[in-house]
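Okay, so here's the structure we're looking at.
What follows is calculated from the coordinates using simple rules that are stated; it is not laboratory data. Computed from a predicted model, the values in this text were never measured in an experiment. For neighbour counting, all protein chains shown are included, and Cβ atoms are generated from backbone atoms with ideal geometry for every residue, glycine included.
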Amino acid sequence: SFNVGDIVVKEGEWITLNGSKGIAYVGELPMIKAAEENPDFQAFMKLCDDVRKLKVRTNADTPEDATRARAFGAEGIGLFRTEHMFYGKNSEEPLFILRKMIHSKSKEERINALNELFPYVLRDVKGTLEAMDGFPVTFRTLDPPLHEFVPNRQDEREKLAQALGISIDELNERADSLHENNPMMGHRGVRLGITYPEITEMQVRAIFQATAELMKEGKKPYPEIMIPVTCHVNEIKHQYNLVSKVHDEVASQFGLKKIPHLTGTMIEIPRAALTADKIAEVAQFFSFGTNDLTQMGFGFSRDDIGGFLPEYLEKKILPEDPFQSIDQEAIGKLMQIAVEGGRSTRPDLKIGICGEHGGEPKSVEFCHKIGLNYVSCSPFRVPIARLAAAQAAVKDANAKKTKTKKTSKKK
């Protein structure tokens, strides 16, 4: 038991917690249903949806995430990280095969491992497209540097060496060769797809095959293929040609004239933002990766800011954490340049944001202001983004009314 003043709560007795306000009540109070099952919440969200202009998507990595996000009102997936199938639950087998691919010495070895990996990628892609039936799903091709997947444990390395038919010394040598001094700016994202086109090809084939199978089943899948870490239009051209080749092969295999899709890129490097007019000659959509854009714009490492950012905030060097809310003065300016440049080339260019800024209210308002089509955030932040998008639309409409009244008075 425990005492709070004169109140004694004994073991086995109920207490009820209000997690939002930090209040504890003695006894078992009646509970209302969770947000997605609460009629009052749903009615309020419908009001928001009737007003807002921005679409709200979610960042999801599994079919289960996608299903949960739909319950919160997500209108698609703005970021599906293909590498996340190699982490967490049921990842042991695909991760082991991925490691075989990473440590392959020849293209033939690499393709054999990728063929083994294909069914796992196909399964997750198809499950996610099916869960979001009728809504777009943006699949980001493999982004992290390969050394992130290198096993550290000796027993795992020995098992991998045995599977590859090589000595542990040779495996260690191959693993060491993947080491990079600055992996964040190293061999990752589109650079992997250009160096090893077969990696992009396997992922894209899984996306198109999953889409074709669902179309044959009467579903309405709509994949968007997103190439990460691009800085030059020629990178997009290289990958776009590869995507088109695989599309034609899979469409022919399934007797389809066309498999609906878009091919686009993340805008997360300042050079990409500044040359967005050129990139839009090929890319059919943009998605701002504001986490990396903020890192590169500020020259801050997100993993190492703990040593100085608290002091910056306390001493008012910065008004707020730029990884929590978009820095509209500079990072926002890069985004605006990219929006204007991209749409000067391709007026119907779809543009969104897929960093966690997509669920932060001030950042959502900024995205509305510069004309983005959607924001994407984690599933549990979707209701926050829906509300923020509605508030931004109302604020914008009121500002326009005020401006109109002032103009009328002057006349």
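How far is it, in nm, from the label point at THR402 to the one at LYS315 when both lie 7 Å from their Cα along the line to the Cβ? Spacing of the two 7 Å Cα→Cβ label points: 3.7 nm.
Here is the list for the stretch 262-366: chymotrypsin sites (Phe, Trp or Tyr not before Pro) lying in DSSP coil, each with at most 14 other C-beta atoms within 10 angstrom of its C-beta, are PHE308. Rounded to the nearest 20 debye, the dipole magnitude of the stretch 255-411 is 1460 debye, with +1 charges on Lys and Arg beta carbons, -1 on Asp and Glu beta carbons, and the Cα centre as origin. The calculated FRET efficiency for LYS105 paired with LYS333, based on their beta-carbon distance and R0 = 51 Å, is about 0.65. Computing Kirkwood radius over Cα pairs in Å for the structure here picks out one of (i) 22.0; (ii) 23.7; (iii) 26.3, namely (ii).
Run through the stretch 266-345 and list the trypsin sites (Lys or Arg not before Pro) located in a DSSP loop whose Cβ has at most 16 other Cβ atoms within 10 Å. Working shown, then result.
Numbers: sites: ARG271, LYS278, ARG302, LYS315, LYS316, LYS333, ARG343; in loops: ARG302, LYS315, LYS316.
Hits after loop and neighbour filter: ARG302, LYS315, LYS316.
Summed over qualifying helices (DSSP H, 4 residues or more, each -39500 (n - 2.57)) and divided by its residue number, the chain shows a 222 nm mean residue ellipticity of -15500 deg cm²/dmol. Across the stretch 2-18, rounded Karplus estimates of 3J(HN,Hα) from the backbone phi angles (6.51 cos²θ - 1.76 cosθ + 1.60, θ = phi - 60°) give 8, 10, 10, x, 8, 8, 10, 10, 9, 4, x, 7, 7, 10, 10, 10, 9 Hz, Gly and Pro being marked x. Using θ = phi - 60° in the Karplus curve 6.51 cos²θ - 1.76 cosθ + 1.60, the 3J(HN,Hα) couplings for the stretch 254-264 round to 9, x, 10, 6, 8, 10, x, 5, 10, 10, x Hz; x is entered for Gly and Pro. Annotation for the stretch 191-269: trypsin sites (Lys or Arg not before Pro) lying in DSSP loop with at most 16 further Cβ atoms inside 10 Å of their Cβ are LYS219, LYS257, LYS258. Only one residue of PRO228, ILE102, ILE77 has its Cα farthest out toward the positive end of the dipole of the stretch 74-241, where Lys and Arg carry +1 and Asp and Glu -1 on Cβ, and that residue is ILE77.
What does the net charge come to around GLU224 if you take all other residues with beta carbon closer than 12 Å to its beta carbon, with K and R at +1 and D and E at -1?
Details: positive: ARG57, ARG140, LYS350; negative: none.
Taking every Cβ under 12 Å from that of GLU224, the sum is +3.
In order along the stretch 358-372, phi translates into HN-Hα couplings of x, x, 9, x, 5, 5, 4, 4, 5, 4, 4, 4, 8, x, 5 Hz, rounded to whole numbers, per the Karplus curve 6.51 cos²θ - 1.76 cosθ + 1.60 with θ = phi - 60° and x for Gly and Pro.
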